[in-house]
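Here, each number is a calculation from the coordinates, and none is a lab measurement. Owing to the predicted nature of the structure, the values given are computational and were not obtained by experimental measurement. Cβ atoms come from the backbone with ideal geometry, glycine included; neighbour counts cover every protein chain shown.
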Amino acid sequence: MLDVKSSDKGMLVPRMNTGQRTMIVSPATGLLVFDTDTESFWFHDSNGWVELLRGWSLKGNAGTDTTVNFIGTTDNMPLDFRVNNERALRLEYAQNGPGIPAPNIIGGYSGNTVSPGKAGATISGGGLPENPNIVTNNFATIAGGGANTATGDGSTISGGIYHIASGVSSTIGAGTVTMPAAKIPR
């Protein structure tokens, strides 16, 4: 019903301080004001005043309540953190049985993977396009390196390249498995 157009001007809503805003008698649902104390927009809904979000502050956030405030997804999709628009860290929801969360944490090269249906796995880093790190079983860990595969439940590879930890709770320290020179990454 109202169409305001301009290519070089804006619209100002009522500006007031917090005390003035909170003293408005019987504010209408949907009332919008700019609070000069908080330097933000506020609207009134059926429950009271609500600050319009300006986004997650890069200088910290106060008043967060972890029962309602979080960074993440509300569906069963992974959460990726990117650097230079490349995945640097992925958090995947996984379960170790019905209702028992055991998320997977995958860092390093974006091609590092945890097999579908596996839970509690960690890849801390490392990996390369031709040599990704791969976890194929529950609660297995690869700390870094490249071309490492943890296939045993609870197995651990602390680094190096070309290692396979296949036994249950097996551990491999680090180093390089002897490979032909043509296969060793440079």
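Of the three principal axes defined by the Cα atoms of the stretch 65-108, the extents in descending order read 36, 27, 15 Å. Summarising the strand pairing of the stretch 86-131, around 75 percent of its internal DSSP beta bridges are antiparallel. Residues whose amide H falls under 5 Å from that of Gly107, counting only those 5 or more places apart or on a different chain, are Arg90, Ile123, Ser124, Gly125, with hydrogens built in the peptide plane. Please give me, ordered by residue number, the chymotrypsin sites (Phe, Trp or Tyr not before Pro) of the stretch 40-122 that lie in loop per DSSP and have at most 14 other Cβ atoms within 10 Å. Passing sites in the stretch 40-122 are Trp56, Phe70. Both radii are taken from the alpha-carbon atoms of the stretch 9-128; with Rh as the Kirkwood radius, Rg/Rh is 1.17.
Listed from fewest to most Cβ neighbours within 10 Å, the set Leu32, Leu12, Leu89, Leu2 follows the order Leu2, Leu12, Leu32, Leu89.
In deg cm²/dmol and to the nearest 500, what is the mean residue ellipticity at 222 nm of the chain if only DSSP H runs of at least 4 residues count, each as -39500 (n - 2.57), divided by the residue total?
Values: 1 runs with 5 residues, N = 186.
After summing the helix terms and dividing by the residues of the chain, the value is -500 deg cm²/dmol.
Computed on the Cα trace of the stretch 47-186, the radius of gyration divided by the Kirkwood hydrodynamic radius gives Rg/Rh = 1.11.
How would you rank His163, His44, going from fewest to most other Cβ atoms within 10 Å of each one's own Cβ?
Working: His163 24, His44 18.
Lowest to highest Cβ neighbour count: His44, His163.
Projecting the Cα atoms of Thr36, Val4, Ile24 onto the charge dipole of the stretch 1-54, computed from C-beta unit charges around the Cα centre, puts Val4 farthest toward the positive end.
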